[in-house]
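Engineer: For reference, the structure I am asking about is given below.
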Amino acid sequence: MKILILGGYGVFGGRLARMLIEDGHDVVIAGRNLDKARAFSDRYGGRPAYLDAQKPKALQALLKIETPWAVVDAAGPFQNYGDDPYRVARTALEAGSHYLDLSGDGTFTEGIAELDKQAHKLGLVALSGVSSVPALSSAAVSDLRKGIDCIAVISTAILPGNRAPRGRSVMSSILGQSGAPMQIWRGAEWTKATGWSGSTTVNLEPGLRRPAAFIGAPDLMLFPKAFGASSVLFRAGLELKVLHYGLATLAKLRKRGVLPNLTRFTRPMLWLARQFESFGTDRGGMQVTISGRSSKDGRPRTNQWTLIAEAGDGPFVPAIAAVVILNRVANGAIVPGARPCMSEFTLDEAETALSRLSIRTEKTSDPAPRLFETALGDRWQTLAPELRALHDVWDITTAKGEARVTRARNPLARMIAIAFGFPPSAENVPVTVRMERIGTTERWTRNFDGSVFNSSLSSGANGQLRERFGPVTVEMEPVVKNGTLGLVLHRGWCLGIPLPRAFLPRSDVTESGNDGRFHFDITVSLPGLGLLVGYKGWLALPSDPLEQHRRIAL
């Protein structure tokens, strides 16, 4: 087949071109730098061609001369394609060519569907995002979801090695997003985040750990609807911590208005990154994880697919999807039309294509009980459904309701209550409780009409639960009776120092479920001072993509 690649000498386009040339295709290496196109062709094969894709007539002329079977846009950055972002795709279709692109921009990738009628009419394929995301990541999710039909979280991370080549368009895209506002689907609602924030550590394999931060990707826009997940997360990271956290610092400064859009610094940042090329490794990785439950038996499960690229072969990964898709189009296995490239091939097909590279993959599956489920063991299933739904925290769960609050009357106890942020006495107080799972810990943020206090819950020994309020940590035994849950406090610490029983806080916690609501009745007191705070009321989870599944599974 004759295939024209825009940006065919770039980081990802060049690797796609090399594989297609190896497979015997007639590849046209097109771009605005004819010298680079010629140098590439002299080394790897193919035919060079000058093309400024921003000039429609030039593209029309080249397509008329070459009449390619398919056009692949590997140039980008796609978010900068202006008022007519799909002119390349539309022109390719008008010339009778199939069209693919390696877009990593969610808005661009989703919007390709506007050409669907045109592509259908012509019997041609136009797919956007034929890259690591969403093409490869969606193939992984489609495979990993087997046995998890109630998907709680989909999480993807792409972590290149430091010695991987850096393309200007990718660098510009990352810098443009760093410090800029973004939206992430978490807890069945759109939440605000900042590009290159929320850094965490991803374990690709024993001994291979990388930092990763939030960044935009088509997955964030497409996966919530496509897979019905309650949370969809996407992160990327730099191998060298000095570069990763240095960029995080710049992102914070931009967020605060100290720095402008970081794309202004693309050239100096590219130069700086190249000064560190001799450090780090040429090992990179990609990881896709989905967690949730089976609607058949309600059992929790986390399935994970990990890709490790050795010997500098990581930059070939984004191009593999295009190789697979082009073969499928040639075999008539792709339905004509224009759309994002979502689950258009299987993970097995992708792994077969990846086998030509120094790349290995692994799938794992593990039971993944939540915090309260771990503490309760078999007693978890005896809880009221409303309790299990609220305590089924995979990423973020937000519940809203109403409460009656009684706060201390003793002056000293009142001061202590205020110090911990406990709410004042009131009737019919609107309540929002946000539960976020961070590692193996749950962070609870309780908002009583503007009075906010936090605590962190974690596992203790022998099925106990530990809750930390500021400097004070208490250990509680969960007790289940007739579907209700009680928490009996046994011991505590202040700043890590064990508290004598005479100074140990007293608590009475009862949770129950009724009519689809989670009911709570909680009092906290101190010996000699009496009541600190008491709050009684109800919470309800919002309707979300998991609602129907929860009713089945719970």
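The values are calculated or read from the model by the stated rules, or taken from the named source; none is laboratory data. What you see is a predicted model; the values in this text were computed from it and never measured. Note that we place each Cβ from the backbone using ideal geometry, even for glycine, and neighbour counts take in every protein chain shown. Please note that ligands, DNA and RNA were not included when accessible areas were found on the heavy atoms of the full protein model with its side chains. Shrake-Rupley method; radii C 1.70, N 1.55, O 1.52, S 1.80 Å.
Engineer: Sorted from largest to smallest, which semi-axis lengths in Å does the alpha carbon gyration tensor of region 297-374 give for its equivalent ellipsoid, taking the root of 5 times each eigenvalue?
Structural biologist: The three semi-axes for region 297-374 are 31, 20, 10 Å.
Engineer: Another question, if that's okay. Taking percent of Cα pairs over 37 Å apart as the quantity of interest, determine which of (1) 37; (2) 41; (3) 29 was computed from the displayed structure.
Structural biologist: Only one listed value fits the structure, namely (2).
Engineer: As a test of the definition: which semi-axes, in Å, follow for region 419-459 when you take the square root of five times each eigenvalue of its alpha carbon gyration tensor? Largest first, please.
Structural biologist: With the √(5λ) rule applied to region 419-459, the semi-axes are 23, 11, 7 Å.
Engineer: In a Debye calculation with equal point scatterers on the alpha-carbon sites of region 347-408 and no solvent, what is log10 I(q)/I(0) at q = 0.18, 0.26 Å⁻¹?
Structural biologist: Per q value, in the given order, log10 I(q)/I(0) is -0.81, -1.12.
Engineer: Using the per-residue mean of other Cβ atoms lying within 10 Å as a proxy for protection, in what order, highest first, do the peptides 288-295, 446-453, 120-127 fall?
Structural biologist: 288-295, 120-127, 446-453
Engineer: For the chain, report the accessible area per residue in Å² (1.4 Å probe, heavy atoms, rounded to an integer).
Structural biologist: Counting only protein heavy atoms, the per-residue value for the chain is 45 Å².
Engineer: In terms of the ratio Rg/(2.2 N^0.38 Å) built on C-alpha atoms, what value belongs to region 53-181?
Structural biologist: 1.21
Engineer: Tell me, what is the percent relative contact order of region 498-543, built from C-alpha pairs under 8 Å that lie six or more residues apart?
Structural biologist: It rounds to 32 percent for region 498-543.
Engineer: To continue, here is another question. Starting from the Cα of LYS400, draw a straight line to each of the lysines and keep only those under 16 Å, dropping any in the same chain fewer than 8 residues away.
Structural biologist: LYS536
Engineer: Okay, moving on. Would you mind checking which residues have amide H under 5 Å from GLY285's amide H? H placed 1.01 Å from N; only 5 or more apart, or other chain.
Structural biologist: Amide H neighbours of GLY285, under 5 Å, 5+ apart: LEU159, GLY161, ALA309.
Engineer: Report, to one decimal in Å, the Kirkwood hydrodynamic radius for region 169-215 based on all distinct Cα pairs.
Structural biologist: Roughly 12.1 Å, rounded to one decimal.
Engineer: What ranking do 414-426, 81-93, 497-509 get when scored by the average of other Cβ atoms within 10 Å per residue, highest first?
Structural biologist: My ranking of the peptides, most packed first, is 81-93, 414-426, 497-509.
Engineer: When the Karplus curve 6.51 cos²θ - 1.76 cosθ + 1.60 is applied with θ = phi - 60°, which whole-Hz ³J(HN,Hα) does each residue of region 292-301 get, with x for Gly and Pro?
Structural biologist: Here the 3J(HN,Hα) series is x, 9, 7, 6, 6, 10, x, 6, x, 7 Hz.
Engineer: Also: Mind checking the alpha-carbon convex hull of region 216-283 and giving the volume per residue in Å³?
Structural biologist: 135 Å³
Engineer: Still on this model: Could you sort the peptides 359-365, 224-230, 186-192 by per-residue average Cβ neighbour count (10 Å cutoff), highest mean leading?
Structural biologist: 224-230, 186-192, 359-365
Engineer: What is the mean projected area of the alpha carbon convex hull for region 129-172, to one decimal in square nanometres?
Structural biologist: Spelled out: convex hull of the Cα atoms, projected over all directions, averaged, 4.3 nm².
Engineer: Same structure, new question: What base-10 log of the normalised intensity I(q)/I(0) is obtained for region 226-325 from the Debye formula, alpha carbons as equal point scatterers, at q = 0.20 Å⁻¹?
Structural biologist: With one equal scatterer per Cα and no solvent, log10 I(q)/I(0) is -1.17.
Engineer: Whenever you get a sec, compute what percent of the accessible area on region 263-318 sits on carbon and sulfur atoms (1.4 Å probe).
Structural biologist: Within region 263-318, the accessible surface is 51 percent carbon and sulfur.
Engineer: Run through the DSSP bridge list for region 176-288 and note the antiparallel percent, rounded to the nearest 5.
Structural biologist: 95 percent
Engineer: Which whole-number percent gives the relative contact order of the chain, counting Cα pairs below 8 Å spaced six or more residues apart?
Structural biologist: 13 percent
Engineer: For region 33-98, just the Cα atoms, rotate onto the principal axes and tell me the three extents in Å, largest first.
Structural biologist: Per principal axis, max minus min of the Cα coordinates gives 36, 25, 18 Å.
Engineer: Right, something else. Per residue, what volume in Å³ does the convex hull of the Cα atoms of region 187-256 enclose?
Structural biologist: Normalising the Cα hull of region 187-256 by residue number yields 99 Å³.
Engineer: Related question: What are the principal axis extents of the Cα atoms in region 1-123, in Å, biggest first?
Structural biologist: Dimensions of region 1-123 along the principal axes of its Cα atoms: 39, 27, 26 Å.
Engineer: List the relative contact order of region 415-530 as a percent without decimals, with contacts defined as Cα pairs under 8 Å and 6+ residues apart.
Structural biologist: Once divided by the residue count of region 415-530, the mean separation gives 13 percent.
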